[in-house]
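Working notes for the structure below.
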Amino acid sequence: MLLAKTERRKSGKRSPSTRELGMPLHEIISLNGKTAIVTGGALGIGKGIAVRLAEAGANVAIFDLKQDDAKRTAEEIRQSGHKASAFTGNVAEEKDVQALVQSVMQEYGGIDILVNNAGIFPNILLREMSRGDFESVLSTNLIGAFLCTKYVCEEMIRAGKGGRIINITSIDAIHPSMVGLAHYDASKHGLWGFTKNAALEYAPHKIWINAIAPGGINTPGVGAMNRTQEMQRAVDAFAQQIPMKRMGEPDDIGKTALFLASELSGYMTGAQIVVDGGYLLT
Ligand SMILES: NC(=O)c1ccc[n+]([C@@H]2O[C@H](COP(=O)([O-])OP(=O)(O)OC[C@H]3O[C@@H](n4cnc5c(N)ncnc54)[C@H](O)[C@@H]3O)[C@@H](O)[C@H]2O)c1
């Protein structure tokens, strides 16, 4: 390929167009005929991701603890002319994850994309944190991603068509954003390590695994953190430091997830994209 290009240049012929180099852009970004699972897809960042993947043509399976919100989001996506359905369960419960994978296989006949987004971030000082507090964050944020990856990859390998896994980590996988998140930071550092090792293991099966590390994003989960004045002050102080001078929106992460789910990122695996309005620069 390289030789062919060099020869073309020597012979004075025009350089190849995008079309000659590969697929046209609308095909590169299309997810037509693909099926994506988005965990925690009922609200917040997960909803932002589900909406963009569906818009690009994917059948989107929303998997969430909150049945009513999951149904409502799937209905909104269908109302805008795209394909989505809702599944209820807990990512940290092995039997729920197995049932989800079975149901999605039955409904759509395959799984091409998994977004491990479901996560919790209760703010608790370490000195007040119980073993149960620590374990519940690890269960959802880390063990949940492990279980979904394991069972979805089994199907991807069986189908032999490769796939994409996108893990939603956090800037806290790189640097702490505030005190009271020691359990959360442990889970997100863990998820980043998990991303790299899984990417290595599954590369021979053409399953590309990457992570997105969001900064502060306006979601119901962040809204719920602001219940005490002290937390409100901590979140405000965080927001004021953002070089882009705004909190992120779920769609900022939705667009990045579309990039990682599509051929736009066709030569990436084991990478983490920071989407934080520049926060980590401060
Ligand atoms: N919002 C932020 O500023 C921010 C920043 C960095 C990373 N993140 C990460 O992004 C992800 C989404 O965060 P968000 O702010 O949208 O949260 P959110 O609380 O607004 O929404 C999370 C969704 O996940 C679902 N969920 C929670 N636990 C679940 C479980 N065990 N099984 C199935 N579904 C479950 C909830 O019901 C909810 O619909 C999390 O992993 C979070 O750590 C968020």
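Tabulated data for the structure shown
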quantity: Complete set of residues in region 25-42 that are under 24 Å from residue 64 (Cα atoms) and in a helix (DSSP H, G or I); calculated: none
quantity: Residue in region 19-28 that is touching a strand residue (DSSP E or B) at 6+ places or on another chain (Cβ under 8 Å) and at pLDDT 95 or above present; calculated: no
quantity: Residue match in region 165-175 (condition: more than 16 Å from the ligand (Cβ to nearest atom) and either of a type in the set (A, V, I, L, M, F, W, C) or closer than 22 Å to residue 46 by Cα (or both)); calculated: no
quantity: Filter result (within 15 Å of residue 36 (Cβ to Cβ) and more than 10 Å from the ligand (Cβ to nearest atom)) within region 79-99; calculated: 82, 83, 84, 85, 86
quantity: Tabulated pairs, region 130-145, first free of Cβ contacts under 8 Å to residues at least 60 places away in the same chain and within 10 Å of the ligand (Cβ to nearest atom), second outside any helix (DSSP H, G or I) and among the aromatic types (Phe, Trp, Tyr), C-beta under 8 angstrom, 6+ apart or interchain; calculated: 137/121
quantity: Selection within region 42-67 - surrounded by 23 or more Cβ atoms within 10 Å (Cβ to Cβ), within 17 Å of residue 121 (Cα to Cα) and more than 13 Å from the chain's Cα centre (by Cα); calculated: 42, 64
quantity: Output for region 151-171, where each listed residue is out of contact with any Ser or Thr (no Cβ under 7 Å at 6 or more places or on another chain), surrounded by 16 or more Cβ atoms within 10 Å (Cβ to Cβ) and either without any contact (Cβ under 8 Å) to a residue 40 or more places away in the chain or among the hydrophobic types (A, V, I, L, M, F, W, C) (or both); calculated: 152, 153, 156, 157, 166, 168
quantity: Filtered residues of region 187-219 (kept if among the aromatic types (Phe, Trp, Tyr), away from the ligand (no atom under 16 Å from the Cβ) and without any contact (Cβ under 8 Å) to a residue 60 or more places away in the chain); calculated: 202
quantity: Residues satisfying the stated conditions in region 220-240, i.e. under 27 Å from residue 194 (Cβ atoms) and either of a type in the set (A, V, I, L, M, F, W, C) or free of Cβ contacts under 8 Å to residues at least 40 places away in the same chain (or both); calculated: 222, 224, 225, 238
quantity: Qualifying residue in region 151-159 (condition: part of a helix (DSSP H, G or I), touching a strand residue (DSSP E or B) at 6+ places or on another chain (Cβ under 9 Å), away from the ligand (no atom under 16 Å from the Cβ) and charged (D, E, K, R)); calculated: yes
quantity: Filter result (among the β-branched types (Val, Ile, Thr) and not in a strand (DSSP E or B)) within region 56-102; calculated: 73, 77, 91, 97, 101
quantity: Single condition residue 218 does not satisfy, out of (1) exposed (fewer than 14 other Cβ atoms within 10 Å of the Cβ); (2) closer than 30 Å to residue 60 by Cα; (3) of a type in the set (S, T, N, Q); calculated: (1)
quantity: So residue 256, is it of a type in the set (Ser, Thr, Tyr) and more than 28 Å from residue 152 (Cα to Cα); calculated: no
quantity: Restricting region 235-279 to residues that are within 11 Å of the ligand (Cβ to nearest atom) and aromatic (Phe, Trp, Tyr), the residue that is nearest to residue 168 (Cα to Cα); calculated: 279
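The values are calculated or read from the model by the stated rules, or taken from the named source; none is laboratory data. From a predicted model like this one, the values you see are computed outputs, not experimental measurements. Cβ coordinates were reconstructed from backbone atoms using ideal geometry, including for glycine residues, and neighbour counts include every protein chain displayed.
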